[in-house]
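Taking it in order: structure first as C-alpha cells, then the write-up.
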Amino acid sequence: MKPYQLFDQDTQALFYNLKATPIQRMLDFDYVCRRKKPSIVGVIHPGRSGFHKAFFGAVEIVIPVYDRVGEAVRHHPQASVLINFASFRSSFLPSKEALLAPSIKVVAIVAEDIPQRQTRELIALAQQQKKTIIGPATVGGIVAGKFRIGYAGGMMENIIKAKLYRPGSVGLVSKSGGMMNELFNIIARTTDGISEGIAIGGDTFPGSTLLDHLLRYEANPNIHLMIALSELGGRDEYDIIKARKEKKLTKPLIMWVVGTSAKIFPWEVQFGHAGAKAGKEEEGAEAKNKALRAAGIIVPSSFAELESTIQEQFQKLIREGKMKPKQDTQPAALPLDYKDAVKKGLVRQATSFTTTISSDVGEEATYGTMPISDVVAKGYGIGEVIGLLWFKRKLPSNFSKFLEMCIVITADHGPAVSGAHNAIVAARAGKDVVSSLCSGLLTIGPRFGGAIDDACRYFKQACDAHVPPVQFVEDMKKKGILIPGIGHRVKSKRNPDKRVELLKKYGLKHFAKTPYLHYALEVEKATLQKAENLILNVDGCIAVLLLDALMSSGAFSIKEIDEIVQIGYGNALFALARSIGLIGHILDQKRLKSELYRHPTEDILYLLGEGN
Ligand code: ACO
Ligand code: LMR
C-alpha cells in the first residue's frame, strides 16, 4: 500500500466487540464491491472466544473470535486495522494494545465520550508509533469499492445510491458522520463519485485531523477534487490555510464550516459534538469560512450552495482536461436476508407447524384470541383457562367449575400412591424439582390415575350401544380386560371414596343430564357383587362426568366429543392436577433434607435361580 492509503481492496481488519450488525454491514459492502475476500478476519470479544457466523454474499462464513487483541493480532499478522466498537468505558485499552501491535496501522474508534485524558494518550502513542487513529466519536469512513468501516455510508440502499461500491475521484473529509453520508449523496449526484470519505469525529481532540486526511488526498493521484466539511470550534481550518499557503495542498479544495447559525445566539452554543463550540470569534463558523475564502479555498456562500459549487468545480476539472471521470460499474447483487424478503413479499415458505390455541406474536400473548390481561380482567379461573387452551372456547360455568373441582380433589392422595412415591424417591436421589416431577408423572397410566381416558371410551361405547351393564361386565371379563375406572386398592363399598361422592353430587346437581354416570353406577352395582372394592373409582367417576358435561353443555358437537374422547383429555386433567401434589411432595422432601432412599431388603422377596 502507498503511504497515502489507509485501506485498499485487500485490507484485513480486526473488529473489537462482537456486534453482528455492523460486522454484517461491512461484509455486505465487501460483497457488493466484489472484493475477493471479506475484510474482517477476526473479532475480539473478551469471554466469547470461538466463532461468529456471518454471510459473505449468500455463503455463510465463520469468523474466529478471540478474547484479547494480542491473540487476534498473533493469529492475523496481515490484519492492519482495528475497528473498535467498544463502549466509551472499554475503548481505551484495546485501542492502546492495537497501537502498540506492529502489524496494526489504523485504529478506528467509534465510541463517544471517551475521557479526553485517554484520547490524548492514544493520540500521543499513535504519533510516536506513526499510526493513524480515526475517531473517537465517528462512524469511520469508506474507500469506495474497497473498504468500509462499520456503518459508514449508511444502509445498503444508500451505498448503492451514492455509488460507494466503486471508486470515483473525490476525496471527502468531514467531522460529522451524518454529514459525510449526506455529502456522499450530493457528490454522487454532481461528480463521478467518492474515492475516499473519512469522518474524523466531533471530539475536541480527534485522533486524526481534517488536514491529516487532506494531505493524504493531495498525495493520492486518484483524487482530483477535495472536499472538507468542518464545524465551528477549534482551529483546524487555520492549519489548512497554512498548508495551502505553503503549497502542501494544491488540488482544488472545497470547504464549508457548519455552524453559521451560532451567531444568532447571544451566548456560547454547544452543538451536538463535544468540539463544536466556538468560544473565540476566530473559532466561529463565519470567521473560519471567511478566512478559508481569503486563502483561496473554494467556500460557497451557504451550505445550500455547496452542491452547485461541487458540480461547477468538477465540470471545470473536466473542461480543463485535468481529469477524466471514472466509468460506472455495476455492484454485485446482494442476496436478500430471508426475513427482509418475507417482509417484502418476495419469497414464501410453507410453515413447519401450526397452532390454533395461543399466540405470542402481537404486543401481548393471547389464550385463543383473548389477551392475557383480558383473561385476568374477566376474573377467569383455571377452569376457564383450560376451556380456552384445551377446548378452545369459553366453557359454560358448570363445566369449568367441574374441571376445577377435579383438579382440587385429585391434586394429591398422600405419599404412598405410585406417583408421589416415585417423585419422592427421585427427589431423595438428588434429582431437581422438574426431573422428580417427571418421575412422578411417568407413573400415571392404566392402573394409576391414567384410567380416565379408557374409562371414557369403554363406558361411552357400551352406554351409546345400550349394552346392559351386567352384560358389559361379563363381556369385559370374557375379554380379560379390567374395566377402567372400576376398583380401588383401599377404597371400597364400606370405605367409600369421598372424592367420588363429591363428584357425583356435583354432576347430579349441575349437569342437565347424567346418562353416563347412571350407566357407570349400574356397572358398579354389578362389580360390587364380585368384590366390595370394585367401586366406581375417582378416575371412572371423572370419566363419566366428563362425558355428561360434554353432552349436556350444548357447546360441543357429537364429532367434537368423539374427538375429545379419542385424543384423551381425561388423563391430561389428572396429570395437571396431580402435578400440584407431586411438586408438594418433592419440595417437602427437599425441605426435610431427606436422605437417599434405599428400599429395605427384608421387604423384597429374592427369588433367584432356576425356574424363575
Ligand atoms: N374390573 C373388573 N374386575 C376387576 C377390576 C376391574 N377394574 N379390578 C379388579 N377386578 C377383579 C379382578 O379380576 C379380580 O377378580 P377375580 O377375584 O375374579 O380374579 C378381583 O376383582 C380382585 O382383583 P385385584 O387385582 O386383586 O384387585 P386390586 O384391588 O388389586 O385392584 C386396581 C385394584 C389395580 C385399581 C384394579 O381394580 C384396577 O386395575 N382397576 C382398573 C384401573 C383403574 O381404574 N385404575 C384407577 C384407580 S384410581 C386412581 O389411581 C386415582
Ligand atoms: C390416588 O388418587 O392417587 C389414589 O386413588 C390411588 C391410590 O392408590 O390410592
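The values are calculated or read from the model by the stated rules, or taken from the named source; none is laboratory data. Please read these numbers as outputs of a predicted model, since none were measured by experiment. As a convention, Cβ positions derive from the backbone with ideal geometry for all residues, glycine included, and neighbour counts pool all protein chains shown. Just the protein is used for accessible areas: all its heavy atoms, side chains included, with ligands, DNA and RNA removed. Shrake-Rupley method; radii C 1.70, N 1.55, O 1.52, S 1.80 Å.
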Check your understanding: From the set of residues in the range 172-192 that are buried (at least 24 other Cβ atoms within 10 Å of the Cβ) and modelled with pLDDT of 95 or more, which is farthest from Ala152 (Cα to Cα)?
Key -> Thr191
Check your understanding: Residues that are on the phi > 0 side of the Ramachandran plot and surrounded by 13 or more Cβ atoms within 10 Å (Cβ to Cβ): which helices (runs of 4 or more DSSP H) entirely in the range 288-386 hold 3 or more of them?
Key -> none
Check your understanding: Considering the range 210-261 alone, what residues qualify as being in a strand (DSSP E or B) and of a type in the set (Phe, Trp, Tyr)?
Key -> Trp256
Practice item. Filter the range 387-413 down to the residues that are free of Cβ contacts under 8 Å to residues at least 24 places away in the same chain and touching a helix residue (DSSP H, G or I) at 6+ places or on another chain (Cβ under 7 Å), then identify the one that is nearest to ligand 2 (Cβ to nearest atom). Key: Glu404
Check your understanding: When the residues of the range 524-541 are filtered to those that are more than 9 Å from ligand 1 (Cβ to nearest atom) and assigned to a helix (DSSP H, G or I), which remaining residue is least open to solvent (accessible area, probe 1.4 Å)?
Key -> Cys541
Practice item. From Lys509, Lys477, Lys498, grab the single residue that is near ligand 1 (Cβ under 8 Å from one of its atoms) and in the same structural domain as Glu404 (by TED's automatic domain parsing). Key: Lys477
Review point. Which condition number does Gly440 fail, the rest of (1) touching a His at 6+ places or on another chain (Cβ under 9 Å); (2) away from ligand 1 (no atom under 14 Å from the Cβ); (3) not basic (Lys, Arg); (4) not in a loop (DSSP other than H, G, I, E, B) being met?
Key: (2)
Exercise for review: Among the residues of the range 361-415, write down those that are among the small types (Gly, Ala, Ser) and either modelled with pLDDT under 95 or within 23 Å of Gln566 (Cβ to Cβ) (or both).
Suggested key: Gly362, Gly368, Gly383, Gly387, Ser400
Check your understanding: Which residues, taken from the range 143-166, are in a loop (DSSP other than H, G, I, E, B) and without any contact (Cβ under 8 Å) to a residue 12 or more places away in the chain?
Key -> Met155
Point to revise | Looking only at the range 422-453, and only at residues there that are open to solvent by 30 Å² or more (accessible area, probe 1.4 Å) and touching a Gly at 6+ places or on another chain (Cβ under 8 Å), the one that is farthest from Asn537 (Cα to Cα) | key: Asn422
Review point. Among the residues of the range 543-553, is there at least one that is in contact (Cβ under 8 Å) with a residue 40 or more places away in the chain, part of a loop (DSSP other than H, G, I, E, B) and either within 11 Å of ligand 1 (Cβ to nearest atom) or surrounded by fewer than 24 Cβ atoms within 10 Å (Cβ to Cβ) (or both)?
Key: no
